[in-house]
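No value in this document is a laboratory result; all are computed from the given coordinates. It should be emphasised that the depicted structure is a prediction, and the values quoted were computed from it without experimental measurement. FYI the Cβ positions are ideal-geometry reconstructions off the backbone, even for glycines, and counts take in every protein chain you see.
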Amino acid sequence: MGEAILAGVHKMHLCYACEPRLDRQVVLKKKYRLTFGMVADVVKVADVVVLAVKPQDLPDVLAELRTLSIHKKLIISIAAGVTTGSIEKKLGGAKVVRVMPNLPAMVGQGMSGLCRGKKATSKDVAVAKSLFEAIGCAVIVPEKMMDAVTAVSGSGPAYVFLMVESWMNAARKLGLSEKEARVLVYQTLAGSVQMLLKSQDPAGALRLKVTSKGGTTQAATDVFMKKNISGMFEAALKAARDRAKLLSQ
């Protein structure tokens, strides 16, 4: 995810990075315009510090940041489940914006939810939002809604991939080859998403446009309805939201 962010912003901003692995430094230097350095060196010259680390690695990074002059820096964290309050406390007070991006950021089509800490200003949030709009879309929400954002969009790509995986398996069982199923399923998904994005109609209305009474589509959607697909989504998102809450404690 750190590289995804870098890929989106390196053409617009001068970027510095901390990367302990030399092999990764070589790869990143070939792809992007950036300079590597130690944490202290990077923080000294940067206006915005993005903490693109795993939650379990964050305490060590914050401990080092606390020894540096960061009170004028904007700290952006993408560590899942770690609250702005927790980061502020460990840094002894700082301007913090918390972000929950998702995997499609790697292809410039990410969806990120942002929330501000106590000391972050509206300008700070706008700066963070602009950075993450470079890798897709971004919305600002109250921090109490970040667990819901995690459930809806943070984990959301997995729901789509699971659906496509099941769709592909079913297509092959109907006798289609792997190649045929892939083209049919992937393009149907891509075309449907474009219709959702470009149409003024909600998803339910578009579904009804495809569904003729007593036809093949109704035969299929009736199966989904009998299996209570809406209830399954509600239960799944609630489970993800509740898990996110638990991990943040």
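Highest mobility in the GNM of the chain, judged by mean-square fluctuation with C-alpha springs under 10 Å and restricted to Arg24, Arg116, Arg33, is found for Arg24. Its alpha carbons give region 2-143 an Rg and a Dmax of 14.1, 39 Å. Full extension of the segment from Val127 to Leu14, taken as 0.36 nm per residue of separation minus the current Cα-Cα distance, would add 39.2 nm.
Holding the Cα-Cα limit at 24 Å, pick out from Lys179/Lys213; Lys89/Lys123; Lys54/Lys95 the pairs that are longer than that. From Lys179/Lys213; Lys89/Lys123; Lys54/Lys95, over 24 Å: Lys179/Lys213. Using only the C-alpha atoms, the convex hull of region 156-247 corresponds to 131 Å³ per residue. Here region 98-172 and region 205-249 have alpha carbon centers that stand 20 Å from each other. Full extension of the segment from Asp201 to Gln187, taken as 0.36 nm per residue of separation minus the current Cα-Cα distance, would add 3.0 nm. Annotation: peptides 145-153, 79-87, 200-208, 101-109, ranked by per-residue average of other Cβ atoms within 10 Å with the highest first, follow the order 145-153, 79-87, 101-109, 200-208. Only Cα pairs under 8 Å and 6+ residues apart enter the sum, and on that basis the relative contact order of region 2-143 stands at 21 percent.
Of all DSSP-defined beta bridges confined to the chain, some 20% are antiparallel rather than parallel. Straight-line cross-link reach from Lys198 at under 23 Å between alpha-carbon atoms covers these lysines, not counting any fewer than eight positions away in the same chain: Lys209. Between Leu68 and Val107, the contour length at 0.36 nm per residue exceeds the Cα-Cα span by 10.6 nm. Since only Val43, Gly231, Ser212 are under comparison, the one whose Cα sits farthest along the positive direction of the charge dipole of the chain, derived from C-beta charges on Lys, Arg, Asp and Glu, is Val43. What you get for region 156-247, charging only the Cβ of Lys and Arg (+1) and of Asp and Glu (-1), is a dipole of about 120 debye around the Cα centre. The charge dipole of the chain, taken about the Cα centre with unit charges on the Cβ atoms of Lys, Arg (+1) and Asp, Glu (-1), comes to about 260 debye, rounded to the nearest 20. Under the convention that each Lys and Arg Cβ holds +1 and each Asp and Glu Cβ holds -1, the size of the dipole of region 2-143 around its Cα centre is about 260 debye. Placing R0 at 51 angstrom, the Cβ-Cβ distance between Leu176 and Ile140 gives a FRET efficiency of 0.70 after rounding to 0.05. For a straight C-alpha distance cut-off of 20 angstrom, the aspartates and glutamates reachable from Lys227 (same-chain residues fewer than eight places away being disregarded) are Glu165.
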